[in-house]
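Undergrad: Attaching a single structure in C-alpha cells format; questions to follow.
The values are calculated or read from the model by the stated rules, or taken from the named source; none is laboratory data. Fair warning: this is a prediction, and the values are worked out from it, not measured in the lab. In this analysis, Cβ positions are derived from the backbone assuming ideal geometry, glycine residues included, and neighbour counts consider all displayed protein chains. What goes into the accessible areas is simple: the full protein's heavy atoms, side chains included, and nothing from ligands, DNA or RNA. Shrake-Rupley method; radii C 1.70, N 1.55, O 1.52, S 1.80 Å.
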Amino acid sequence: MAHSAAPATGASPITPISPKALAPWAVFFGILMLVLLYFVGAEQGATSLISGAGVHEWVHDGRHLLGFPCH
C-alpha cells in the first residue's frame, strides 16, 4: 500500500505557458482595463458616450478612490 502518486520519470507536473499562448489573453485584459479606465475616468460631460448620469453615478466612488476629479 505504499504507492506514490508522483510520476516515476521525474518529470515536473507543471508545464510552462508559452508567450505565444499568453499573448491573446494579455491583449484581451489590456483592452478590458482600458475600457474600465475610460468609464471610471472620462465618461462624463463632453466625452460621454452614454447620455445621462447613470454611468457617472455607478463609478462615482471609484472615481474618487482613484483620484479622478468629477465635481
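Undergrad: For ILE17, ILE50, give me the order by solvent-accessible area with a 1.4 Å probe, most accessible first, ignoring ligands, DNA and RNA.
TA: Solvent-accessible surface, decreasing: ILE17, ILE50.
Undergrad: Of the listed peptides 52-65, 18-31, what is their order by residue-averaged count of other C-beta atoms within 10 Å, with the highest listed first?
TA: Values: 52-65: 13.3, 18-31: 9.4.
Going by the mean number of other Cβ atoms within 10 Å, highest first, we get 52-65, 18-31.
Undergrad: Further question on the same structure: Between ALA26 and SER51, what length comes free when the chain is fully extended (0.36 nm per residue of separation minus the Cα-Cα distance, one decimal in nm)? Don't jump to the answer; show the numbers that get you there.
TA: On the way: separation 25, 0.36 × 25 = 9.00 nm, distance 3.09 nm.
Between ALA26 and SER51, full extension yields 5.9 nm more.
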